[in-house]
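What follows draws every value from the coordinates through simple rules; no lab data is involved. The shown structure was predicted, so the numbers you read here are calculated from the model rather than taken from an experiment. Positions of Cβ are generated from backbone atoms using ideal geometry, with glycine treated the same way; all protein chains shown enter the neighbour counts.
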Amino acid sequence: MRTRTQIGIVGAGPAGLLLSHLLALRGIDSVLIETRSREYCEARQRAGVLEAGSVRLLREVGLAGRLDRQGIEHGGIYLQFAGERRHLDFRELTGRTVTVYAQTEVVKDLIARRIADAGEAAIQFSVTDTSVTRLETDTPVLRYTSEDGVQYEVSCDAIAGCDGFHGICRPAIPASELTVVERGYPYAWLGILADIPPSTDELIYAHHRRGFALHSLRGPTTSRLYLQVDPDEDIANWPDDRIWAELSERFALPGWDLKPGPVLDKNITPMRSFVSAPMRHGRLFLAGDAAHIVPPTGAKGLNLALADVAHLAPALDGLVRGQPDKADAYSATCLDRVWRSTHFSWWMTTMLHRTPGADDMEAQLQLAQLRYVTSSRAAATSLAENYTGLPLP
Ligand code: FAD
Ligand code: DHB
């Protein structure tokens, strides 16, 4: 079936969902397609920390009802190293805070709102055979087969590739047109979701000779914890008891106990830095993980995806109305923030993780840096400014 829309959007993660809402607010039609089911998208455990600018953006566009009730505002983090736990007070250092609110909840809120505003057809879940073509023309084409087996060919004014790192949009750009800068890390994160009240009031990032650990949370009764493991580690080697024992050791502090509880979900995530530029080819615009990946230390991935589409919505609005200036500036505008976050995420990651086989020089340099960021106001402010995030448009 042949149809037409203004903007074709590939991928119903945070980037694609928020973009379809921002475009609707501007009176622009879109078709949003997603290969996974709604249930899968709403259950996929990922990030949990929203920058101040992300919260403000979601509030401004009417998406913060539940976020304002259930999100937990944090004024800082703890950095733990060499047997000490030190607090960094973001509120005092920068006047800004972050909010703990799971990506699953952001995604649920966005899906519910799109369906309330535009009906069940607003998002086509469980589609197959997706492709994007005619990208160098003014009428790029999005093709897919719907869940009930109908083949669609959608003629668009522009296409937004919001389909994550493994999507089809970035590979649709000729390789000769892209510059890819990439680094893998020799470690991964084993993450658990646990049915137990958090043992801490704010997140703990722990440096330990056995490897990094992070204590985060999802609410008053749910904890989220991460453990550095080898990149080729098999989750089957990590029964719940072993995970809790390892976490207890890495967070150990006299007079403080980590409370273990039932594990609801566990997975292993590889870590990489990846930036592909430019974020535009003809009338295809990439946003979020489709264009860049950061290692999770520092909680930037989700925030970058939201920031990209905050720039992309006005850019596409201008493009469809014959004013291409913002669309022409889109890639360079986003890449500034992307590279700042790429640097910050790399810096946090290398300060806190243990490289397998590293000599004592690595540990001593890390400890010197950790002492510096927890004792110099200038260094602490730099971390706080990056963690709480740059302002959005
Ligand atoms: P995604 O959320 O990946 O959404 C892309 C969507 O496109 C998906 O729903 C996918 O199914 C869909 N799709 C793919 N191909 C197609 C296709 N051909 N057609 C249609 N749809 C398609 N960040 C943090 O800050 N902290 C974390 O702890 C953290 N943990 C993570 C754990 C994992 C396993 C992963 C993969 C990422 C994690 N991230 C984390 C990163 C963060 O979750 C991402 O940066 C964020 O999801 C990016 O949003 P997005 O919308 O760009 O992409
Ligand atoms: C979470 C993830 C992160 O990568 C991080 O730096 C902080 C918190 C989380 O999932 O809660």
Compare Gly27, Gly164, Gly184 in a GNM of the chain, Cα atoms joined below 10 Å, and give the one with the largest fluctuation. Gly27
Only bridges whose two residues both fall in the stretch 27-155 count here: according to DSSP, what percent of them are antiparallel, nearest 5? 90
Which one, Gly357, Ile9, Gln151, projects farthest toward the positive side of the charge dipole computed for the chain from Cβ point charges (K/R +1, D/E -1)? Ile9
Quick check for me: using +1 on Lys/Arg Cβ and -1 on Asp/Glu Cβ, what's the dipole size of the chain about its Cα centre, in debye to the nearest 20? 620
Just going by the charge dipole of the stretch 228-267, with Lys and Arg at +1 and Asp and Glu at -1 on Cβ, which of Trp256, Asn267, Val229 is farthest out on the positive end? Trp256
Rg/Rh for the chain to two decimals, with Rh computed the Kirkwood way over all alpha-carbon pairs. 0.98
Enumerate the aspartates and glutamates that Lys108 could reach by cross-link, defined here as Cα to Cα under 15 Å, with residues fewer than 8 away along the same chain left out. Glu34, Glu39, Glu42, Asp68, Asp117, Glu120
What is the calculated FRET efficiency for Leu367 to Asn237, with r their C-beta to C-beta distance and R₀ = 51 Å, to the nearest 0.05? 0.95
Electrostatic dipole magnitude of the stretch 161-311 [Cβ: Lys, Arg +1; Asp, Glu -1; Cα centre; debye, to 20]: 440
The summed charge of the Lys266 Cβ neighbourhood (under 15 Å; Lys/Arg +1, Asp/Glu -1) stands at -2
Helix 103-118: angle to the longest alpha-carbon principal axis of the chain, degrees 0 to 90, nearest 10? 20
In nm², what is the average projected area of the convex hull enclosing the Cα atoms of the stretch 209-296? 8.5
Residues other than Thr349 with Cβ under 14 Å of its Cβ, Lys/Arg counted +1 and Asp/Glu -1, net out at +3
Column: log10 I(q)/I(0), Debye, Cα scatterers of the stretch 210-356, q = 0.16 Å⁻¹: -0.92
Derived scalar couplings ³J(HN,Hα) [the stretch 150-156; Karplus, 6.51 cos²θ - 1.76 cosθ + 1.60; whole Hz; x for Gly, Pro]: 8, 8, 10, 10, 10, 8, 10
Using a simple charge model, +1 on the beta-carbon of Lys and Arg, -1 on the beta-carbon of Asp and Glu, nothing else, what dipole does the stretch 307-347 show about its Cα centre, in debye to the nearest 20? 80
Candidates Ser375, Ser176, Ser216; GNM for the chain (alpha-carbon contacts under 10 Å) flags as most fluctuating Ser176
Based on the Cβ-Cβ distance from Thr221 to Ser382, what FRET efficiency comes out when R0 is 56 Å, to the nearest 0.05? 0.95
With the Cα gyration tensor of the stretch 318-393 in hand, give its eigenvalues times 5 under a square root as the equivalent ellipsoid semi-axes, listed largest first in whole angstrom. 37, 16, 7
So what J values fall out for the stretch 250-266 if you push phi through Karplus, 6.51 cos²θ - 1.76 cosθ + 1.60 with θ = phi - 60°, rounded to Hz, Gly and Pro as x? 6, 9, 3, 8, x, x, 10, 10, 8, 8, x, x, x, 8, 8, 7, 8
Take the alpha carbon atoms of the stretch 52-90, find their center, do the same for the stretch 372-393, and report the distance between the two centers in whole angstrom. 14
Tell me which of Ala305, Thr133, Leu22 sits at the most positive position along the dipole axis of the chain, charges placed on C-beta atoms (Lys, Arg +1; Asp, Glu -1). Leu22
